[in-house]
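I have placed the structure first, in the form of structure tokens, so that the comments after it can refer back to it.
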Amino acid sequence: QVQLVESGGALLQAGGSLRLSCAASGRIFSINAMGWYRQAPGKQRELVAIITSGGITNYADSVKGRFTISRDNAKNTVYLQMNSLKPEDTAVYYCNAELRTTTWATMNNYWGQGTQVTVSS
């Protein structure tokens, strides 16, 4: 079994900063990309940021320059540093990992349970 556990969600004021963490555990052979997605009420889940095992990153236009994704491969952990937060960043943030559980297994996507980020104006 594989588990992704997010932490760091909070309620804070606009302009503040927050750091989310997501640790993957369980039967993991290798992890390819790890990323953060978010879903606001009444909206579809959207990509926030993604990082490959080699450190290549990609961001949604709405967070470029404000959010930074990073990862610690030794700890199977991905982080999202969020600065200059806006009320429109309010959402449940989900961690995602594309990983292989054994040498012969195919790559599959796994999701965390989500962590709430609420930004008040």
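Computed over the Cα atoms of the chain, the ratio of the radius of gyration to the Kirkwood radius (Rg/Rh) comes to 0.98. Note on the range 1-45: semi-axes of the ellipsoid equivalent to its C-alpha gyration tensor, largest first and rounded to whole Å, are 26, 14, 10. Using Cβ point charges alone (K and R +1, D and E -1), the dipole size of the chain about the Cα centre works out to roughly 100 debye. The HN-Hα couplings worked out from phi for the range 30-39 by the Karplus form 6.51 cos²θ - 1.76 cosθ + 1.60 (θ = phi - 60°) are 7, 10, 8, 8, 10, x, 10, 10, 9, 9 Hz, whole numbers, x standing for Gly and Pro. Based on Cα contacts under 8 Å between residues 6+ apart, the range 1-89 shows a relative contact order of 32 percent. 3J(HN,Hα) along the range 59-75: 10, 5, 4, 5, 10, 4, x, 10, 10, 9, 9, 8, 8, 10, 5, 5, 9 Hz, from the Karplus curve 6.51 cos²θ - 1.76 cosθ + 1.60 with θ = phi - 60°, whole Hz, x for Gly and Pro.
Ordering of 67-73, 53-59, 101-107, 34-40 by packing is 34-40, 67-73, 53-59, 101-107, highest average first (other Cβ atoms within 10 Å, averaged per residue). The HN-Hα couplings worked out from phi for the range 6-11 by the Karplus form 6.51 cos²θ - 1.76 cosθ + 1.60 (θ = phi - 60°) are 8, 8, x, x, 6, 9 Hz, whole numbers, x standing for Gly and Pro. Within straight-line reach of Lys75, meaning a Cα separation under 28 Å, sit the following lysines at least 8 residues removed in sequence or on another chain: Lys64. Between amide H atoms placed 1.01 Å from N, distances below 5 Å from Arg71 occur with Tyr79, all of them 5 or more places distant or on a separate chain.
Under a 5 Å amide H cut-off, with hydrogens placed 1.01 Å from N, Gly16 pairs with Leu85 among residues at least 5 apart or on other chains.
We did not get these values from a lab; they are worked out from the coordinates using the rules stated. Keep in mind that this is a model prediction, so the values were computed, not measured. Every residue, glycine as well, gets a Cβ built from its backbone with ideal geometry; the counts of neighbours run over all protein chains shown.
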